[in-house]
Structure formats: structure tokens, C-alpha cells
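Since the structure comes first, as C-alpha cells, the remarks are kept for the end.
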Amino acid sequence: MTPDSLRAALGGVPDPDWLDTALRRVAAEPTAITRLFAAAGRRCGRGALPDAPGWTADDAARVLLLTSLPGEHAAYAESLYQHGDAAERRAVLRALPLLPIGADGVPLLHDAIRTNDTRLVAAALGPYASHLDQAAWRQAVLKCVFSGVPLAGVADLDTRADSELTAMLAALAAERHAAGRELPADATDLLHRLTAALPREA
């Protein structure tokens, strides 16, 4: 999603004037984002956005507030994440690929992946996860399998999956099979795709 598409999807929020004013305020007075970021859920609602599947109104509004900052995006993202509740942290994670911060937000991904909050784990594996090194990314994918996070939300899954991830998933599948359990269906499908793509021995 782009800022423009998120703004269009928010056309039906309960208080659109508040959002317009908040975005202008943040652009002119960056420190105001601390208060406005927290207020976004109450003023814009928390419902799902029909025109932005997978997004809620508070998520989108908070992402727009971050993208409206004139500078210091990484510093504000870190501060809002560290001091925010789960919904605010998720919004920060979803904003990262839209901010001009390079890899500066990677520590926030590592923190999110360590949590047991599946919403944060899922948000951490969006497009910005391209900045994770391969070892950390593999472990994050396994965390999704363990915690029930749908793999459909993992950005670039099929292009980044490699032989090491295949081996890790196969070992986990064998372990669960021995215990009379199975991998989630999406993980089983991924393992089948990866196994089918492996070169066959002569």
C-alpha cells in the first residue's frame, strides 16, 4: 500500500477533518506526532478498511502520520514503537517500508519477532523484512509456523526460501509427524513446493 492508497481507503473514517488536521500538524510540528499517534484509534476508529484488505483504520492513519513527518523518521519510529501499545507498534512496523530510513528500522523487526504477539510477528515480515539477513529471516518464518501466523503474509516468501529453510521445515515436519501432529497446511504446501524445486540426484 502507498500513502495515497491508504488515504483514499480512509475516506469514510468517522472524523476525516481530524485526520487532515493531524497530518498537517505533524508536517509542521513533528513532536505533535506523539500525542496524535496515540489518539488515532479513538478518532479514526479501529475497523477494517474495505478498500485496503488486511488494514484497519487506526493502522492506516498512524502510518500516514509517520509518512507525514518532514524528517527524523527512524528516530520517531523507534520512539513510537518503544512507547506504544501493541496496535501502535504494529502500525510502526507497517510504516517502515514507506519511510526513507534504509535499514535503520531492522532492530524493531528483531524485537517484534521475539514477541509472542502474532500481530507483530506478521507485521514484521511484510516488505521491510527484505532488510533482514537470511538467517534471521529463516528463523522468523519458522516462528510464523510455530505460532500460527499465515505464511501468505510473508513478503517474498517463495523467492527468498532456500535449501536451508527447506531442511529446517523438513526436520520440523518429521518431528511433528513422530509426535502425531502435522505442520499447518500452508507450511506443508511450502515444503512441498520447495522440495519439488530441489535438483534431483542422478
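The values are calculated or read from the model by the stated rules, or taken from the named source; none is laboratory data. Just so it is clear, the structure is predicted and the values come from calculations on it, not from any experiment. In this analysis, Cβ positions are derived from the backbone assuming ideal geometry, glycine residues included, and neighbour counts consider all displayed protein chains. Accessible surface is based on the protein model in full, side chains and every heavy atom, while ligands, DNA and RNA are left aside. Shrake-Rupley method; radii C 1.70, N 1.55, O 1.52, S 1.80 Å.
Structure above, values below:
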| read-out | value |
| --- | --- |
| Only listed residue being under 19 Å from residue 189 (Cβ atoms), of a type in the set (Lys, Arg) and either in contact with a helix residue (DSSP H, G or I) (Cβ under 8 Å, 6 or more places away or on another chain) or open to solvent by less than 10 Å² (accessible area, probe 1.4 Å) (or both), chosen from 94, 90, 160 | 160 |
| Criterion: in contact with a Phe, Trp or Tyr (Cβ under 9 Å, 6 or more places away or on another chain) and of a type outside the set (Val, Ile, Thr) - qualifying residue of 46, 42, 89, 35 | 89 |
| Test set (1) among the aliphatic types (A, V, I, L, M); (2) open to solvent by less than 70 Å² (accessible area, probe 1.4 Å); (3) farther than 30 Å from residue 135 by Cβ; (4) out of contact with any Lys or Arg (no Cβ under 8 Å at 6 or more places or on another chain) - residue 106 fails condition number | (3) |
| Complete set of residues in the range 127-146 that are among the charged types (D, E, K, R) and either more than 15 Å from residue 158 (Cβ to Cβ) or at pLDDT below 95 (or both) | 133, 143 |
| Matching residues in the range 58-86 - criterion: being open to solvent by 20 Å² or more (accessible area, probe 1.4 Å) and hydrophobic (A, V, I, L, M, F, W, C) | 74, 75, 86 |
| Qualifying residues in the range 163-202 (those that are open to solvent by 60 Å² or more (accessible area, probe 1.4 Å) and charged (D, E, K, R)) - the one nearest to residue 141 (Cα to Cα) | 164 |
| Pair list, Cβ < 9 Å and 6+ apart or interchain, from the range 71-88 residues that are closer than 18 Å to residue 116 by Cα to residues that are part of a loop (DSSP other than H, G, I, E, B) | 81/105; 86/115; 86/117; 87/46 |
| Failed item, numbered, when residue 116 is tested on (1) within 20 Å of residue 85 (Cβ to Cβ); (2) in contact with a Ser or Thr (Cβ under 9 Å, 6 or more places away or on another chain); (3) open to solvent by less than 10 Å² (accessible area, probe 1.4 Å) | (3) |
| Condition broken by residue 183, with the remaining ones in (1) assigned to a helix (DSSP H, G or I); (2) within 25 Å of the chain's Cα centre (by Cα); (3) modelled with pLDDT under 95 satisfied | (1) |
| Residues within the range 10-33 that are open to solvent by 80 Å² or more (accessible area, probe 1.4 Å), at pLDDT 95 or above and more than 21 Å from residue 74 (Cβ to Cβ), tallied | 1 |
| Residues within the range 34-50 that are more than 16 Å from residue 14 (Cα to Cα) and surrounded by fewer than 18 Cβ atoms within 10 Å (Cβ to Cβ), tallied | 3 |
